[in-house]
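Shown next, in structure tokens, is the structure this report addresses.
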Amino acid sequence: MDITLIVTGVIAALVVVTIAKSMRIVPHAELHVIERLGRFNRVLSGGLNFIVPFVDTVRAKFTTQEQLVNLNPQSVITKDNVSITIDGLVYLRVNDAMKATYEIDDLQTAIAQLAQTTLRAEIGKMELDETLSSREEMNQSLQRALDEASGGWGAKVTRVEISDISVPQDVQEAMELQLRAARERRAIETKAAADKNATIAKAEGDRQRVFLEAEAIERMAEAKKKEEILLAEAARQREILNAEGQKQALELIAQALRDNPQSGEFLLAKDRIQAWNGIAASDSRNKVVVPYEAAELLGSLSLLKNMVEPPKAHRQVD
């Protein structure tokens, strides 16, 4: 009876152990590589999985989360023979657990070594200034190289970040002097460009001013020329009018002489009277008026009297 109970207990225990061994609970975001009798069988994902107890064994476990691989600081020589110290970070994700198990011995160590080798090769192609200013380009180039190599290992490199680049103290001082000289050169160039622009602007302003002054002088000369032309035209018209007036006056005098021959004597007498009036109106006391041809003057006066008085009617002779 005791033996039966013992055997039953042993069998029950074996059944419980077998059932426990046959169940495999895999946490979420994990992958378990299962081998059956030393050969790859399958990959278990998150959740409850069943395996053959005592036959199937877990060969490796991987997480599907991004893994961080820290690149230790290393000395690298640039294209212009400057030794710098650089370190960085590599982010990767396992997407094929079987390859990560059987294609590479230590995935993270292999990625770290490959990253350092690739980083040396990439920096060796660039000069120091380009290395310091092209960090983003180096990250992308390093990521492409690592992703291409890690694809056969069942991993995907998602990001590469170069965290720090250190240069020797003497090189840093030389770079600071170079930057200071470059800033001073840019300042001098900026000032020279500003002076040049100011000189050009002043010359342009002077040119515009001279042009405007010349244009104003030209307009004034044209206006003066037009004014002279107008004045000359006005003088010509005035001369023409005067000539016309004199012509008409002479024609009237000629007509009067034809109508009355004594009209000429009347005009001469009138002019002589005006001349005597002018002499008489003079204030000078040192003058002596001696009439010349007084009889002719008296004749002119009598002629003037005859012309002024109306003509007498002729007596009719019976």
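The values are calculated or read from the model by the stated rules, or taken from the named source; none is laboratory data. Everything quoted here is computed from the prediction, not taken from an experiment. Using ideal geometry, Cβ is built from the backbone for each residue, glycine included, and neighbour counts are taken over all protein chains shown.
Structure notes:
- Any chance Val26 is surrounded by 14 or more Cβ atoms within 10 Å (Cβ to Cβ) and in contact (Cβ under 8 Å) with a residue 40 or more places away in the chain: no
- Reported count of residues in region 159-174, each being in contact (Cβ under 8 Å) with a residue 24 or more places away in the chain and under 20 Å from Met126 (Cα atoms), is 10.
- Filter result for Val17 (over 30 Å from Gln67 (Cα atoms) and either free of Cβ contacts under 8 Å to residues at least 24 places away in the same chain or surrounded by 11 or more Cβ atoms within 10 Å (Cβ to Cβ) (or both)): yes
- Looking at Asn139, Asn95, just one residue is of a type in the set (S, T, N, Q) and under 43 Å from the mean Cα position of the chain (by Cα), and that residue is Asn139.
- Count of region 55-95 residues which are within 25 Å of Ile25 (Cα to Cα), out of contact with any Leu (no Cβ under 8 Å at 6 or more places or on another chain) and not aliphatic (A, V, I, L, M): 6
- Within region 139-153, being surrounded by 20 or more Cβ atoms within 10 Å (Cβ to Cβ) and in contact with a strand residue (DSSP E or B) (Cβ under 6 Å, 6 or more places away or on another chain) holds for Leu142, Leu146, Ser150.
- Among the conditions (1) in a strand (DSSP E or B); (2) closer than 14 Å to Gln116 by Cα; (3) not β-branched (Val, Ile, Thr), Leu142 misses just one, which is (1).
- The set of residues in region 122-136 being within 21 Å of Tyr91 (Cβ to Cβ) and either surrounded by 13 or more Cβ atoms within 10 Å (Cβ to Cβ) or not assigned by TED's automatic domain parsing to the domain that holds Thr85 (or both) consists of Glu122, Ile123, Ser134, Arg135.
- Among the residues of region 45-94, those identified as in contact (Cβ under 8 Å) with a residue 60 or more places away in the chain and not hydroxyl-bearing (Ser, Thr, Tyr) are Glu66, Pro73, Val82, Ile84, Ile86, Asp87, Gly88, Leu89, Val90, Leu92, Arg93, Val94.
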